[in-house]
Amino acid sequence: MATDQQAFGAAITGLGLVTPAGVGIEANRDRVWSGVSCTAHDDMLAECSVNLSCRVPGFDPEAMLGGFQARQLERFVQLAIVAARQAVADAGWDTRTWDGARVGIVLGNSLGGIQSLLTGHASMLRGGPRQVSPLMLPMYLVNMVAGQVAIDVRATGPTQVTATACASGATAIGVAREMLRRRECDVVLAGGTEAALTPLAVTGFDRMGALSRRSSDPAGASRPFDADRDGFVPAEGAGVLVMERLEDAGARRTPVRAVVRGYGATTDAHHPTAPAPGGEGIERALRTALRDAGIDGSDVDHVNAHGTSTPLGDVVEGRMLARVLGRRPLVTSTKGVIGHTLAAAGAIEAAYTALAVEHKSVPPTANLCRLAPELDIDVVHGAPRTASVDVAVSTSMGFGGHNAALVLTAA
């Protein structure tokens, strides 16, 4: 392995996952590694042309957060707080005793509390200004997820929200690593969250032609890299990682699940929603992340790909992976199981990548029956693949031409 000894490593010491695969690490490992899709018909989307989604099962905010707090928080914040609490506990921290001034938060989000905005708009049309809740803006604003998580975990260091569409969660992890490198913080909670499964938002994606229309076969709708893919399945969820400097994690004698060694970000500057047809942007992001990590592409064992199940995006990304990494890495897209969680996707997938590194097992890509003929990559399907995963990559692409890539290694 061509490793640069100067490459900065940020230890992942805690994970929190609230996704369509379940609440918690074990539930996610069981479902994602099973390769069984979470997609189902969604009664709340009954009025839409496409009524498929992946929702978080059994999520009871009042039971998990308390009724008073839950009623003042929009769902994207509720998901993030539960994930953050899990991650902190997994890392062995006690928020009552840590130095909050040395704790930062970076979370990705795109659509904010869209439900609160829609409810406020309907209330104003129906009854005028006095019918609009004073909580509408605090519940809707995108930045409030970082603020509310900070309140919950008593973090008074720097906090921010990254908004690079479907790359937001990966961007947040890259920013968090840089904050640790610059010693702005000693601990950073990094990740992403999204809960925008409203008829309006889902219809917007449908009108763009981005969604799968396989309503007669919900479980088979999301099929990344498959020859018969026809679009993604919208989902909700949150993923939060606790990140620390390696030496600090060592001093605490806490287990390290994986290490974030490299990060790269670029912009296509090509089209508002379509990727650059040659994949030049995501390729530069990946090459930048590898260079940042001091790792050669030939050493990559595994890729958790963006792989949304769209006709154009999967081919662009798959061809890029073959160019940069060859056919050696075991490639997967976990969106076949949990759908596309939008701004949360990069963080959730980074968490799955860390678990693949830790447990030396790559989850399968659900519903892959016949690899798209344009691609020459080794996509894991049917069952998990046991392998030595010392170096892994997670790639993310978002509307607006945003690209991000992360390189993770074993501790």
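Side notes on the structure shown:
- You will find that of PRO277, PRO224, PRO234, the residue that is modelled with pLDDT under 95 and closer than 30 Å to HIS381 by Cα is PRO277 and no other.
Each row is one residue, and each column tells you yes or no for (1) at positive phi; (2) in contact with a Pro (Cβ under 8 Å, 6 or more places away or on another chain).
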| residue | (1), (2) |
| --- | --- |
| LEU17 | no, no |
| GLY24 | yes, no |
| SER34 | no, no |
| ALA46 | no, no |
| SER49 | no, no |
| ARG55 | no, yes |
| GLY58 | yes, no |
| GLY66 | yes, no |
| ILE81 | no, no |
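- The residue list ALA155, ALA150 contains one member that is over 27 Å from GLY401 (Cα atoms), surrounded by 24 or more Cβ atoms within 10 Å (Cβ to Cβ) and in contact (Cβ under 8 Å) with a residue 12 or more places away in the chain, which is ALA155.
- Scanning the range 305-364 for residues that are farther than 18 Å from ALA21 by Cβ and among the polar types (S, T, N, Q) yields a single hit, THR310.
- For ALA219: the one exception among (1) assigned to a helix (DSSP H, G or I); (2) under 30 Å from VAL149 (Cβ atoms): (2)
- Across the range 201-223, the number of residues qualifying as surrounded by 13 or more Cβ atoms within 10 Å (Cβ to Cβ) and either over 24 Å from GLY112 (Cα atoms) or of a type in the set (D, E, K, R) (or both) comes to 10.
- Unique match (being closer than 28 Å to ASP43 by Cβ and of a type outside the set (D, E, K, R)) among LEU137, LEU118, LEU180, LEU141: LEU118
- Any hit, the range 137-145, residues being among the aromatic types (Phe, Trp, Tyr), farther than 19 Å from VAL18 by Cβ and surrounded by 14 or more Cβ atoms within 10 Å (Cβ to Cβ): yes
- Selection within the range 265-313 - out of contact with any Gly (no Cβ under 9 Å at 6 or more places or on another chain) and closer than 14 Å to ALA167 by Cβ: ILE282, ASN304
- Taken together, the criteria place THR254 among residues that are of a type outside the set (A, V, I, L, M, F, W, C), in contact with a strand residue (DSSP E or B) (Cβ under 7 Å, 6 or more places away or on another chain) and under 23 Å from VAL188 (Cα atoms).
- Residue list for the range 20-46, filter: surrounded by 24 or more Cβ atoms within 10 Å (Cβ to Cβ) and in a strand (DSSP E or B): none
- From the list ALA196, ALA190, the one residue that fits, being of a type in the set (A, V, I, L, M, F, W, C), closer than 24 Å to LEU406 by Cβ, outside any strand (DSSP E or B) and under 18 Å from the mean Cα position of the chain (by Cα), is ALA196.
- Filter result for ALA176 (surrounded by 24 or more Cβ atoms within 10 Å (Cβ to Cβ), touching a residue at least 60 places away in the same chain (Cβ under 8 Å), of a type in the set (A, V, I, L, M, F, W, C) and touching a strand residue (DSSP E or B) at 6+ places or on another chain (Cβ under 8 Å)): yes
- Set side by side, the residues VAL88, VAL77, VAL36 differ, and just one is at pLDDT 95 or above, aliphatic (A, V, I, L, M) and closer than 18 Å to ALA343 by Cβ, which is VAL77.
- Failed item, numbered, when HIS41 is tested on (1) of a type outside the set (Ser, Thr, Tyr); (2) over 21 Å from ALA345 (Cβ atoms); (3) modelled with pLDDT under 95: (3)
- Whichever residue in the range 150-179 is of a type in the set (Ser, Thr, Tyr) and assigned to a helix (DSSP H, G or I) and, among such residues, is nearest to the chain's Cα centre (by Cα): SER168
- Screening ALA274, ALA285, ALA293, ALA249 for residues that are touching a residue at least 12 places away in the same chain (Cβ under 8 Å), closer than 30 Å to MET208 by Cα and surrounded by 24 or more Cβ atoms within 10 Å (Cβ to Cβ) leaves exactly one candidate, ALA285.
The values are calculated or read from the model by the stated rules, or taken from the named source; none is laboratory data. Please read all numbers here as calculations on a predicted model, not as lab measurements. FYI the Cβ positions are ideal-geometry reconstructions off the backbone, even for glycines, and counts take in every protein chain you see.
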